[in-house]
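See structure below.
Coordinate-derived values only; no laboratory data. What you see is a predicted model, and the numbers here were worked out from it, not measured in a lab. Every residue, glycine as well, gets a Cβ built from its backbone with ideal geometry; the counts of neighbours run over all protein chains shown.
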Amino acid sequence: MARETSTTGVEQFFDENELIVSKTDLKGSLIYCNDVFLRLAGYSEMECIGKPHSMIRHPQMPRAIFALLWETIQSGDEIFAYVMNRCKNGDHYWVLAHVTASRDLSGSVIGYHSSRRVPDRRILEGQIIPLYRELLSIEQASKNRKEGLAASLETLKQKLSELGMEYDQFIATLAA
């Protein structure tokens, strides 16, 4: 899995008309990956199905973003987030992810659905990458992973509070 793969620093790109799609169960294990996901990440379907979606998590992504993502979707809300993923070979790619709950006919949440598009480079380089570097630095400076996550998440929430908005509102204002 990618967790054991070093990073290369090489960025991969996909076409703005392509959509990366994956679905997970309630615990985050992959139950569906489209061809764009498989091609970009460099995995076969057999290598992905049943594995944790976090297999493509890049070590330079702040854990606070994923904590916020899970907190949001587990509450039944949807979220838009910029995410850097890691390919099987150690390369990476950026996405603007839209993650939402998948529901059965009775309305019960049965998993999660993520659609990812090409991110806006101006927003990515001007706002997101500097923010994520700051959050990651806080996480790495802490005594342990748990304290690092808490400190990073608190910093993120404080920044959003100062702006008077939720994370989704923040992401939406970047595109305005």
* To do: Would you please give the residues with an amide H less than 5 Å from that of Arg103, counting only those at least 5 places away or on a separate chain, with H modeled from the backbone geometry?
  => Ile110
* Which helices, taking whole DSSP H runs in the chain, have alpha carbons extending 20 angstrom or more along the helix axis plus mean Kyte-Doolittle at least -1.0? -> 145-163
* Asked: Once phi is turned into ³J(HN,Hα) by the Karplus curve 6.51 cos²θ - 1.76 cosθ + 1.60 with θ = phi - 60°, what whole-Hz value does each residue of the range 113-119 show in order, with x for glycine and proline?
  -> 10, 10, 10, 10, 10, 5, x
* To do: Find, to one decimal place in angstroms, the Kirkwood hydrodynamic radius of the range 1-131, where the mean of 1/r is taken over every pair of different Cα atoms and then inverted.
  => 15.0
* Would you give the gap between the C-alpha center of the range 62-110 and the C-alpha center of the range 113-176, rounded to a whole Å? => 14
* For the chain, what is the mean residue ellipticity at 222 nm derived from helices alone (per DSSP H run of n ≥ 4: -39500 (n - 2.57); sum divided by total residues; nearest 500 deg cm²/dmol)? -> -11000 deg cm²/dmol
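Show me the ranking of peptides 25-36, 8-19, 46-57 by mean Cβ neighbours inside 10 Å, starting with the highest.
Listed from highest to lowest mean packing, they are 46-57, 25-36, 8-19.
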* Structure fact -> Any residue on another chain or 5+ positions along whose placed amide H is under 5 Å from the amide H of Gly42 is listed here as Lys88
* Selection from Gly76, Pro119, Ala151 lying farthest towards where the dipole of the chain points positive, charges on Cβ -> Ala151
* **Dipole in debye (nearest 20) - the chain, about Cα centre, beta carbon charges: Lys, Arg +1; Asp, Glu -1** => 460
